[in-house]
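Notes follow the structure.
We did not get these values from a lab; they are worked out from the coordinates using the rules stated. All figures in this text were calculated on a predicted structure; none of them were measured in a lab. Glycine gets a Cβ as well: all are built from the backbone with ideal geometry, and neighbour counts include every protein chain shown.
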Amino acid sequence: MKIEQRLPRFAVLIDGDNTSPQIAEGLFEEIATFGEASVRRIYGDFSGPRLKSWVGILQKHAIDPCQQFSYTTGKNASDIALVIEAMDLLHSGRFDGFCLVSSDSDFTRLASRLREQGADVYGFGAQKTPESFRQACRRFIYTENLLPQASPSAGAAKSKSLKPPSAAVAIFNKAISQTENEDGWVMLGPVGQHISNLFSDFDVRTYGCSKLSDLVRKTGAFDIEKTDGGHMRLRAKSADATSKATT
């Protein structure tokens, strides 16, 4: 009898004070692409009005609320509770990794500590998230990319959160320079992997694309061709060709 291989187990820990409930659907769909959300917890003061919008979503996504009363304004009781439980879960040895959902740089050391112990850490936060937290994670996903598709009337508002494809040229050039062959051509697959290793928050959706190959084409800065095996390779265009393409 064939034994089905189980997906990696992840503990999803959500900072309710710094996360919008609108991302819940996209969050768990994203996590499902690389693992199983075995534990789902959110931390905050649910007795106040601030987290009321989360209440109707908790049951739908089987998220366990961890109540932390805000006895004193400005204190981070929820953050401390999240860190304590993350370490308890780490030392249980039952999980392959953690999904930390917050835009707060206070979780930078937690992410680093979890990775030091061999756990994969995926961060989820807004584009305003400090670089220290983003780089402490194996991969960081912007929550703006997890929001439901905007309606046509709201399309302009959604596009403001995306970077233009031209902003990715420097990233591609850096990866190509570190992987290229003597003729300047490199396979797209290794380039994509190298970019992921260099930039934990790289995501083609940030540039309005669904595939890496689409983003390469949209930049207009690279020569592209397919190999006999059907794989794509690329190289940087000459300065003259690039200037013509942008005029």
Legend entry - Size of electric dipole in the chain: Cβ of Lys, Arg +1 and of Asp, Glu -1, about Cα centre, debye, nearest 20: 380 debye
Inset, instruction - Identify, among Phe199, Tyr142, Leu90, the residue whose Cα sits farthest towards the positive end of the charge dipole of the chain, taking +1 on the Cβ of Lys and Arg and -1 on the Cβ of Asp and Glu, with the dipole about the Cα centre. - result: Tyr142
Inset, instruction - For the chain, give the share of DSSP beta bridges that are antiparallel, in percent and rounded to the nearest 5; count only bridges with both residues there. - result: 20 percent
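Could you tell me whether segment 9-150 comes out rounded, prolate or oblate from its Cα gyration tensor? Rule is a ≥ b ≥ c as square roots of the eigenvalues, rounded for a/c under 1.5, then prolate if a/b exceeds b/c, otherwise oblate. Please report the intermediate quantities before stating the final value.
Working: a/c = 1.33, a/b = 1.14, b/c = 1.17.
Cα axes put segment 9-150 in the rounded bin.
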Inset, instruction - Report the extension gain between Glu225 and Ala62 in nm, rounded to one decimal, defined as 0.36 nm multiplied by the number of residues separating them, less their alpha carbon distance. - result: 54.1 nm
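May I ask you to derive the relative contact order of the chain, considering only C-alpha pairs under 8 Å and at least 6 residues apart, and to give it as an integer percent? Before the final figure, lay out each step's value.
Numbers: 361 pairs, mean separation 37.7, N = 247.
It comes to 15 percent, rounded to a whole number.
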Legend entry - Correct choice for Rg and Dmax of the Cα atoms in Å that was computed from the model, options [x] 16.4, 48; [y] 20.7, 66; [z] 18.1, 54: [y]
Inset, instruction - Using only Cα atoms, tell me the angle between helix 188-198 and the longest principal axis of the chain; keep it within 0 to 90° and round to the nearest 10. - result: 40 degrees
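Cut-off is 10 Å between beta-carbons; in what order do Glu85, Glu144 appear when sorted fewest neighbours first?
Details: Glu85 16, Glu144 20.
Sorted ascending by nearby Cβ count, the order is Glu85, Glu144.
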Inset, instruction - Treating only the Cβ atoms of Lys and Arg (+1) and Asp and Glu (-1) as charged, compute the dipole magnitude of segment 9-150 about its Cα centre; round to the nearest 20 debye. - result: 60 debye
